[in-house]
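Everything on this sheet refers to the single structure shown next.
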Amino acid sequence: MIAVSGSASGIGAAVRARLEASGLRVLGIDRRDAEIIADLGDTGGRAAAVAAARERCGDRLDGLVACAGLGPQVPVRELVVSVNYFGAVALLDGLRPSLVAAHGAAVAVSSNSSTLPNAESPLVDACLDDDEATARDLAATLPSPSVYAGSKLALARWVRRQAPSTAWAGAGARLNAVAPGPVQTPMLQEGLDDPLLGPAIRGFPIPTGGFGTPQQVAAAITFLLGPEAAFCCGTVLFVDGGTDALIRSDRY
Ligand code: NAD
C-alpha cells in the first residue's frame, strides 16, 4: 500500500492514477475526495492523518508520497509554510516506522523554486529547527514567493539531512525528493491567473519549452518509489524542463 497526500488533484492525482494502473493500492490523504480526510495545515489534522494511515496500512507501508501543498498565490502565507513544510514532515516522520517495517520508500514533493535566490531566508532555518510558530511569524512578513520557495527549500534540505541517517537509510527505508518546475495543475492555473505572479511564471525560462504535465512528474515519483531506484537516497530529482540546469549550471 502506498500513501499519497494531495491525492485529490494535480500531481498527487496523477501519482494515484499511475500507481493504481500498475495494480497498487493507494491510500489518499487530502482535504477532500480521499480515503483519509485531514487538514495538514494544523497539528491536530496531521496527527489524525498519521494515526488513520497507520491503522489502515496495519503499520506496514510500501511507499509514501508527501505531495499536498499550497502555491504562492494563497493569501494566508502562514498556511503555506504550515502545509508545505510542517504538514509534509509530519507525515514523513509519523509514517516512517510503517515504512521501515515494510522496507518502503518515501518521496517528498519540493519545487525548483527552492533554488531561486529568494528561497534563502530565516524562515528556512525556523522550519529546520522545527519551530512552526516562528516560521509562521516570519511567513507573515515575507513576500509570498519567498515563503513558498523557502518552504520547499527547507523540505529538500530536511530530505537531504534525513535520508542518509540511521532513522531512514540505516533502518532500510529510502527517502528522496522531486523538484518540479511549473506543471499544468489547478495550482499553477491559480498562479497564472494572479496579476502579480502570472507574468513572473510566464517569464520563467524553460529550455525544453512549455510547462510540464502532472504525468511527467508522477513518472519520476513512481521511479523513486520503486525497486529500480534502490540506490537512490537523498536525491532531489529536478523535473523542470532544464530550468535549474540553465540557471545554476555550475552549482554541482
Ligand atoms: P493542486 O492544487 O492541484 O493539488 C494540491 C492538493 O493538495 C489538493 O488536492 C489539495 O486539496 C491538497 N491540499 C492542500 N492543502 C491541504 C491541506 N491543508 N491538507 C490536506 N491536503 C491539502 O497542486 P499541484 O500542482 O498538484 O501540487 C502538488 C505539489 O506539487 C505541491 O506540494 C506543490 O507545491 C508542488 N509543486 C507544484 C508545481 C506546479 O507547477 N504545479 C511545481 C512545483 C511543485
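Report, by residue number, each residue of segment 31-44 that is surrounded by 19 or more Cβ atoms within 10 Å (Cβ to Cβ) and more than 23 Å from Val100 (Cα to Cα).
Ala34, Ala38, Gly41
Can you tell me how many residues in segment 178-195 are loosely packed, with under 14 Cβ neighbours inside 10 Å and charged (D, E, K, R)?
Final tally of qualifying residues: 1.
For segment 149-203, what are the residues that are more than 13 Å from the ligand (Cβ to nearest atom), more than 19 Å from Gly104 (Cα to Cα) and among the hydrophobic types (A, V, I, L, M, F, W, C)?
Scanning segment 149-203 gives a single hit, Leu196.
Can you find a residue in segment 6-26 that is part of a strand (DSSP E or B) and surrounded by fewer than 22 Cβ atoms within 10 Å (Cβ to Cβ)? Talk me through it step by step, then tell me what you get.
The first filter runs over segment 6-26 and keeps only residues part of a strand (DSSP E or B), leaving 26.
Applying the additional criterion that residues be surrounded by fewer than 22 Cβ atoms within 10 Å (Cβ to Cβ) yields 26.
Checked against the condition, which is being part of a strand (DSSP E or B) and surrounded by fewer than 22 Cβ atoms within 10 Å (Cβ to Cβ), segment 6-26 yields at least one hit.
Please go through segment 27-44 and pick out each residue that is near the ligand (Cβ under 8 Å from one of its atoms) and either under 16 Å from the mean Cα position of the chain (by Cα) or free of Cβ contacts under 8 Å to residues at least 24 places away in the same chain (or both).
Listed by number, the residues that qualify are Ile29, Asp30, Arg31, Ala38, Asp39, Leu40, Gly41.
How about segment 196-228: which of its residues are touching a strand residue (DSSP E or B) at 6+ places or on another chain (Cβ under 7 Å) and either buried (at least 16 other Cβ atoms within 10 Å of the Cβ) or of a type in the set (A, V, I, L, M) (or both)?
Phe211, Gly212, Pro214, Gln216, Val217, Ala220, Ile221, Leu224, Leu225
Could we say that Thr141 is within 12 Å of the ligand (Cβ to nearest atom) and either touching a residue at least 24 places away in the same chain (Cβ under 8 Å) or over 20 Å from Ala68 (Cβ atoms) (or both) here?
no
Go through segment 92-120 and give me each residue that's in contact with a Ser or Thr (Cβ under 6 Å, 6 or more places away or on another chain) and either among the aliphatic types (A, V, I, L, M) or farther than 11 Å from Lys152 by Cα (or both).
The one that is in contact with a Ser or Thr (Cβ under 6 Å, 6 or more places away or on another chain) and either among the aliphatic types (A, V, I, L, M) or farther than 11 Å from Lys152 by Cα (or both): Asn118.
Go through (1) over 21 Å from Lys152 (Cα atoms); (2) assigned to a strand (DSSP E or B); (3) more than 13 Å from the ligand (Cβ to nearest atom) for Gly58 and report which single condition fails.
Gly58 satisfies every listed condition except (2).
If a residue has to be more than 13 Å from Gly191 (Cβ to Cβ) and either in contact with an Asp or Glu (Cβ under 6 Å, 6 or more places away or on another chain) or within 9 Å of the ligand (Cβ to nearest atom) (or both) to count, how many in segment 65-86 make the cut?
Residues flagged as more than 13 Å from Gly191 (Cβ to Cβ) and either in contact with an Asp or Glu (Cβ under 6 Å, 6 or more places away or on another chain) or within 9 Å of the ligand (Cβ to nearest atom) (or both) within segment 65-86 amount to 8.
For segment 143-252, which helices (runs of 4 or more DSSP H) that fit wholly inside it have 3 or more residues that are under 21 Å from Gly63 (Cβ atoms)?
Correct list: 144-162, 214-225.
Sort out which residues of segment 9-26 are over 13 Å from Val65 (Cβ atoms) and near the ligand (Cβ under 8 Å from one of its atoms), and write them in order of number.
Correct list: Ser9 only.
Counting only residues that are of a type outside the set (A, V, I, L, M) and within 12 Å of the ligand (Cβ to nearest atom), how many does segment 45-55 have?
Here is the first cut: in segment 45-55, the ones of a type outside the set (A, V, I, L, M) are 45-46, 54-55.
Add one more test, that the residue is within 12 Å of the ligand (Cβ to nearest atom), and what stays is 45-46.
Number satisfying all stated conditions: 2.
Of all residues in segment 91-144, how many are over 18 Å from the mean Cα position of the chain (by Cα), closer than 21 Å to Asn176 by Cα and buried (at least 22 other Cβ atoms within 10 Å of the Cβ)?
1
None of the figures in this text is laboratory data; all of them are computed from the coordinates on show. Please read all numbers here as calculations on a predicted model, not as lab measurements. Every residue, glycine as well, gets a Cβ built from its backbone with ideal geometry; the counts of neighbours run over all protein chains shown.
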